[in-house]
Amino acid sequence: MANTSTTLSGKKPRLSIAQIINMSVGFLGIQIGFALQNGNASRILQGYGANVEELPNFWLVAPIIGLLVQPLIGHYSDRTWTKLGRRRPYFLVGAIMASIALCLMPNANLLTNLIPPLWVGAGMLMIMDASFNVSMEPFRALVADKLSSEQRTLGFSVQTVLIGIGAVVGSWLPYVLANWIGIPNTAPEGHVPPNVVWSFYIGAAIFISAILWTVFTTSEYPPEVQASFAEGDEDKNEVMPSGGLMTIFKDIADMPKTMKQLGLVQFCSWFGLFSMWVFTTPAVAHHIYGCAIDDSSSATYQTAGDWVGVIFGVYNLVSAIYAMMLPKIAGRIGRRQTHAFSLVCGAIGLISIYFVKDPMWLIASMVGVGMAWGSILAMPYAILAGALPVRKMGVYMGIFNFFITIPQIVSGIVNRPLVKYAFGSEAIYALVMAGVLFLVGAWAVMRVEDKDDVVVVGE
């Protein structure tokens with residue numbers, strides 16, 4: 001626990017690398033859960049009887065749940081203080097719920113006597129989404145709570161490294177179990193392949209273990225200590241409002257200028273990302289492997305899909321490596337410039353897919369995407385945290401999630417008719433559009449106000 005006598009001076013103490021890693025280990029578990037969901041939820045739901053055209057409806061659940069849950073969790077975590085602190089109780093409860101859902105989703109067929117397995121699977125998907133969001137939002141606020149401006153970029157970069165590692169592990173786990181361990185990857189109709197089932201079990205175990213690591217190795221500053229920090233001088237005498245949920249709407253209306261400016265950056269980034277996640281497989285299968293537009297069952301299409309899984313692992317690995325460089329880069333050229341550069345690299349990566357003929361070259365495309373992804377997970381939060389009132393860090397981190405979930409919802413609704421009618425069902429143009437949006441985001445971030453950015457000069 002932090003020593004109160006050493007922190008009442010109004011300056012947050014510097015934390016060691018080990019302390020920063022400990023507070024973010026839980027994010028590794030969260031991202032393994034996300035990766036397992038992203039890579040396998042569709043095949044599980046299809047195995048339970050969902051039609052392909054129904055899948056987008058299930059996937060819209062994730063951003064909608066995040067839109068509703070994260071501001072509430074942020075609001076209440078700002079007002080919570082227990083023996084476990086203010087943030088840790090929330091991500092511990094979220095981890096327990098998510099781990100249970102991870103274990104139950106691939107076993108929904110066991111409840112067929114009560115409820116159709118498709119609805120059980122969909123319900124578990126909804127619980128997972130809600131639980132991931134309950135766990136995730138307090139982690140962002142915890143870093144902002146604990147770290148000074150000088151260490152904030154490092155803190156969010158460490159989170160991004162662990163996110164990248166978790167995403168690689170979760171993405172490749174079913175493949176490793178099937179091809180290296182020999183666990184079967186086929187199952188009778190209505191059942192989930194054993195390698196996927198065991199992947200979810202392992203993911204659940206890592207998830208809860210990682211959260212517990214952070215809970216037991218990380219302390220939080222008591223309210224009186226947190227209130228003493230002077231990084232936001234205008235907030236030192238702020239009185240915490242005693243109202244209920246209506247205060248969230250007031251907080252939205254009083255959103256800091258920097259947060260509003262980041263809204264366009266985030267919209268372009270996450271609209272593009274959602275487009276990439278949805279359309280990369282059909283785009284690669286048709287544009288590079290030569291499959292027919294309506295072909296989703298041939299061996300060639302499955303080969304393309306397997307390769308997309310590999311290159312997605314590549315961009316997550318690149319993001320983890322690149323995140324370790326972000327504090328140094330941002331220290332040299334500034335946070336806004338760093339994020340703009342990273343988004344331009346991502347735009348080049350996405351647009352280059354249109355010109356690729358050999359699937360191996362997609363690895364090069366994913367290097368740029370990985371750089372953008374690593375920055376998207378770190379730099380906007382590093383820029384934002386310095387503009388937020390100390391006493392409302394949690395609720396504003398939750399509200400900031402609007403700028404992640406809303407563009408995904410819009411992308412999910414708009415892209416279906418856009419690809420069908422404007423792009424002639426050529427999914428590759430959705431990736432090109434995503435690249436163009438990254439360029440717009442790079443332009444927009446250069447117009448964001450970042451008052452407490454620290455640039456190292458002359459070293």
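The values are calculated or read from the model by the stated rules, or taken from the named source; none is laboratory data. Computed from a predicted model, the values in this text were never measured in an experiment. Counting neighbours? That spans all protein chains shown, and the Cβs are built from the backbone with ideal geometry, glycine included.
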Exercise. Hey, among the residues in the stretch 208-230 that are surrounded by fewer than 17 Cβ atoms within 10 Å (Cβ to Cβ) and part of a loop (DSSP other than H, G, I, E, B), which one's modelled with the highest pLDDT?
Worked result: Ser219
Exercise. Tally time: how many residues in the stretch 399-423 are crowded, with 20+ Cβ neighbours inside 10 Å and more than 18 Å from Gly66 (Cβ to Cβ)?
Worked result: 2
Problem set entry | the stretch 244-266 residues that are closer than 16 Å to Gly74 by Cα, paired with ones that are small (Gly, Ala, Ser) and modelled with pLDDT under 70 (beta carbon under 8 Å, 6 or more apart) | Lys250/Gly243
Seminar exercise, completed: If we ask which residues in the stretch 320-335 are at pLDDT 90 or above and either crowded, with 23+ Cβ neighbours inside 10 Å or among the acidic types (Asp, Glu) (or both), their number turns out to be 4
For this session: Return the pairs, sorted by first residue and then second, in which the second residue is among the hydrophobic types (A, V, I, L, M, F, W, C) and surrounded by fewer than 17 Cβ atoms within 10 Å (Cβ to Cβ), the first residue lies in the stretch 182-205 and is farther than 17 Å from Val168 by Cα, the beta carbons are less than 6 Å apart, and the residues are 6+ apart or on different chains.
Result: Pro193/Ala187
Seminar exercise, completed: Over the stretch 102-143, the set of residues buried (at least 24 other Cβ atoms within 10 Å of the Cβ), modelled with pLDDT of 80 or more and over 30 Å from Leu388 (Cβ atoms) is Leu102, Met105, Pro106
Problem set entry | Wholly enclosed helices (runs of 4 or more DSSP H) of the stretch 1-65 bearing at least 2 residues in the same structural domain as Glu137 (by TED's automatic domain parsing) and at pLDDT 80 or above | 17-47
For this session: Inspect all residues belonging to the stretch 244-256 and state whether any of them is closer than 25 Å to Ser411 by Cβ and at pLDDT 75 or above.
Result: yes
For this session: Give the residue, chosen from Val414, Val419, Val436, that is modelled with pLDDT of 90 or more and more than 16 Å from Gln261 (Cβ to Cβ).
Result: Val436
Exercise. In this structure, is Lys357 in a loop (DSSP other than H, G, I, E, B) and either surrounded by 23 or more Cβ atoms within 10 Å (Cβ to Cβ) or at pLDDT 90 or above (or both)?
Worked result: yes
